[in-house]
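Here is the structure we will look at.
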Amino acid sequence: MKSTICTLAIFVLLSASCTRSTVLQSRYVIQAETSETAESNCVYIWQSGDYWEFLAWALLDDVSASSVLAITSGYSPELLPSPGTEIKIPIPEEYEEAASNRMAAARLVQRATDARQADRNECMDLLEEAIDTDPSWSVPVTNITVLLIEDGRTDEALEMLQPMSHKNTPALVLAGLAWRRGSSECALRHLSEALATSSPTPDVLAAAGIAWSVTGDRERAGNIIRQLLENPDAPSDLRVLALKYALMLGED
């Protein structure tokens, strides 16, 4: 049973997380729209194909903040500005260039996602261009490492991920790679880094819950799995999976 669960843990640590496209450590925070801050917000030129969830994903690391982003930008969440419209987004004016770079990189990641099945080389080129556009963003880096891992180029993937190991999704991928190499201590350290956020994602919780169950820290595993089960946004398959294997371990 232990080997079966270890195999499952590897699957969760690698495949469940590597396919995600999330922003990891956003440098931006929504600020209240007041008379003091209204004139200091970034000017953003709305592009064709933009939508509030896309901006919230790229700039705020939180798709659920899209309605707040729209409202604090002066729009109803159901309405989209016309392409070319200048809007004020609730990000300090000093980050205007950084925000522009982030959105440009996000569009490249979006194109890379569309190209992945049809043209892998084009996908890789677009992701590399996204990294050049916004070197601080971990999403294109993580997405490239997925391609490298699929090609068996694990050492290259590790080299790319190490500088961003403090960010959640790279930490989760590094945990998976360490687990596959048999280094459970290193894997758990990276999992702790991936959990170091006020709202760990369901895949991080599932991976951590299973990993700590396998390594015998059942109290910690139970607390993590409880968070996963109490998360209404967690996919049902992840919740069932974590609970199933936690119960199986309890029978050992």
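What is the distance in Å between the Cα centres of segment 106-135 and segment 159-198? Distance between centres, Cα-based: 24 Å. Stretched out straight at 0.36 nm per residue, the stretch from GLN47 to GLU78 would grow longer than its current Cα-Cα span by 9.5 nm.
Under 5 Å from the amide H of CYS42 lie the amide H atoms of ILE89, ILE91, GLU93, each residue being 5 or more positions distant or on a separate chain, with H modelled from the backbone and absent for Pro and chain starts.
Over segment 53-130, what is the relative contact order in percent, taking alpha-carbon pairs closer than 8 angstrom and at least six residues apart? Mind dumping the intermediate values first?
Working: 60 pairs, mean separation 16.9, N = 78.
It comes to 22 percent, rounded to a whole number.
Summarising the label geometry, the points placed 7 Å from Cα in the beta-carbon direction at ARG226 and VAL68 lie 2.7 nm from one another.
Sorting the segments 140-153, 207-220, 80-93 by their mean number of nearby beta carbons within 10 angstrom, highest to lowest, gives 207-220, 140-153, 80-93. With θ taken as phi - 60° and the Karplus curve 6.51 cos²θ - 1.76 cosθ + 1.60 applied, the whole-hertz 3J(HN,Hα) list for segment 176-191 is x, 5, 5, 4, 5, 7, x, 9, 5, 4, 5, 4, 5, 5, 5, 5 Hz, x standing for glycine and proline. If the viscosity is 1.306 mPa s and the temperature 10 °C, what translational diffusion coefficient in µm²/s does Stokes-Einstein give for segment 137-222 when Rh comes from Kirkwood over Cα pairs? Using the Kirkwood radius from Cα pairs, D works out to 122 µm²/s. Over all distinct Cα-Cα pairs of segment 78-189, the Kirkwood formula returns a hydrodynamic radius of 15.7 Å. A Förster radius of 30 Å combined with the Cβ-Cβ distance from GLU159 to ASP114 puts the calculated FRET efficiency at roughly 0.65.
Readers should treat all values here as calculations from the given coordinates under stated rules, not as data from a laboratory. Treat the numbers as computed from the prediction; the structure is a model and nothing was measured. Cβ sites come from the backbone with ideal geometry, for glycine too, and all protein chains shown count toward neighbours.
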